[in-house]
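Here is the structure we will look at, set down as structure tokens.
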Amino acid sequence: MMSNSRTLVIIPTFNEAENLNRIMPDLLHLPVDILIVDDNSNDGTAQVAMKLNTFDNRITVLSRPEKLGLGSAYLAGYAFALNAGYELIIQMDADGSHRVEDLHAMMSALEPDSEIDLVIGSRWVKGGAVKNWAKNREVLSRVANRYSRFMLGLGVKDVTAGFRIYRASLLRRMNLQGISSQGYSFQIEMTREAVSSGAHIQEIPITFIEREIGTSKMSSAIVREAMIKVTTWGFSRIVKKFTSSPSR
């Protein structure tokens, strides 16, 4: 199949050919295999990935017939990774916002004797930062994270972060079949499920850089999906907590 690496990087793509050419050389210097989950890009993204796969056969492209969403792309990637026997599963964006240099620090937290199940590359812990973001985008992210933490009772500063490393053992414990989010609420739902599965989580500070090429996939529909889902989960949590409290 691929190499003998124990680590797989999953990168969902939709029209990211130029960005792939920029990020893949540095990524291929790491001892990892790479899975590109491409949603029928029309700019040759899949072809670019395969051209980069000329040396040691460490890149696989999973081509899908249409744009099916971020959530389903990652779920397809997890299934691939677990079926292939990978021990560590990295997820990162194709647009250059997630730096390979930060990935080194994240990977070091998951040494074989570590008890950490999930590493999150965090913008909102001490040492984390964002670059080239409009102020309204930064405010939106900060508010969304605070609201999610408050409603869901999660002790994670950056619940919407997409730069992550999961142990396969954690993914196998989680109810991935129950994950339904497609936009950026997917990261919140995965965090929620990881916490409920007893995950040991560590946040590592990263510098998130706004994409220089292409357009952001963020939209009002994605924000609306996240707000509705977090509010629904939060009220469900409050009701459950109230009804399970011993009567006085």
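For the reader, a short list of remarks on this structure follows.
- Shape of the stretch 1-104, Cα gyration tensor, a/c cut at 1.5: rounded
- Cut-off of 10 Å, at most 11 other beta carbons, DSSP loop: longest stretch of the chain lacking such GluC sites (Glu not before Pro): 116-248
- Among beta bridges that DSSP assigns inside the chain, antiparallel share in %, nearest 5: 25
- Once the C-beta distance of Lys241 and Asn175 is scaled by a Förster radius of 25 Å, the resulting FRET efficiency is 0.80 to the nearest 0.05.
- Recomputing semi-axes √(5λ) of the Cα gyration tensor in Å from the coordinates shown identifies the correct label among (1) 27, 22, 20; (2) 24, 22, 17; (3) 30, 21, 18 as (3).
- Placing pseudo-labels 7 Å out from each Cα toward the beta carbon at Lys126 and His200 gives an inter-label distance of 2.2 nm.
- Helical mean residue ellipticity (222 nm; -39500 (n - 2.57) per DSSP H run of 4+; nearest 500) of the chain: -13500 deg cm²/dmol
- ³J(HN,Hα), Karplus 6.51/-1.76/1.60, whole Hz, each residue of the stretch 126-136, x for Gly, Pro: 4, x, x, 7, 10, 10, 6, 8, 5, 4, 5
- Karplus 3J(HN,Hα) series, Hz, for the stretch 22-29 with 6.51 cos²θ - 1.76 cosθ + 1.60 (x for Gly, Pro): 7, 8, 5, x, 5, 5, 6, 7
- Ordering 42-48, 75-81 by mean Cβ neighbour count within 10 Å, with the highest value first, yields 75-81, 42-48.
- Degrees, to the nearest 10: 185-196 long Cα axis against longest axis of the chain: 60
- Amide H contacts of Val130 (H built 1.01 Å from N, under 5 Å, at least 5 apart or other chain): Phe208
- Of Lys67/Lys126; Lys67/Lys240; Lys67/Lys135; Lys51/Lys135; Lys126/Lys229, pairs whose Cα-Cα distance is over 31 Å: Lys67/Lys126; Lys67/Lys240; Lys51/Lys135
FYI, it's all coordinate maths here, none of it is from the lab. None of these values were measured; they are calculated from a predicted model. All Cβ positions, glycine included, derive from the backbone under ideal geometry; neighbour counts span all protein chains shown.
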